[in-house]
Amino acid sequence: MKTTPYSLGALLLALLVLPAPTAVAAVADPTPAAAGRHRHTASEISAFLTAFYGHHGPSARDREQGISQQLAEKQEHAPTSDVLLCAHDEPRDIVVGAVTVAQSAGVGWATVTTHWAADRTDTFTAYVRLDSRPIKLDDVICAG
């Protein structure tokens, strides 16, 4: 029998002595890349939406700088309607509801209620991406 520098027994012994890769991975931080990334919180989104909508709708500056490209294109395709308010006029008042955050989906949203003449109200949902820099309104879905 010919001897070789590394026998099967020596290889097995080395594998038994060294720590298993899975044991090392279990101790490590599962999301090291996410550690430096900021994701908007529910309170940050609430403050943004409240400031963005104000009492009567977003300002011209907010309409230009505070929305995503997707939402800007959506508005371009609906020139006779205000997609940010799901309306045609300026409401008497606007109230932003509680914000829900779905970390796994990377989005937060709130129901926004618009108040109109004759005690009429309407609602829509405003969405913000959690990783947007700076924070921006990403989409609006009208209630109907």
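Taken together, the values in this text are just the output of simple stated rules run on the coordinates, not laboratory data. Fair warning: this is a prediction, and the values are worked out from it, not measured in the lab. Cβ atoms come from the backbone with ideal geometry, glycine included; neighbour counts cover every protein chain shown.
Here are the numbers for the structure shown:
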read-out	value
Long-range amide H partners of ASP139 with built H, under 5 Å	TYR127
R0 of 22 Å, Cβ-Cβ distance ARG37-GLN65: FRET efficiency to nearest 0.05	0.50
³J(HN,Hα) computed for each position of segment 97-108 - Karplus, 6.51 cos²θ - 1.76 cosθ + 1.60, integer Hz, glycine/proline x	x, 5, 9, 10, 10, 10, 4, 5, 8, x, 9, x
Distance between modelled label sites at THR121 and VAL95, nm, 7 Å Cα→Cβ extension	0.5 nm
Under-5 Å amide H pairs with ASP93, H placed in peptide plane, nonlocal only	HIS115
Relative contact order (%) - criterion: Cα under 8 Å, at least six apart; region: segment 48-144	26 percent
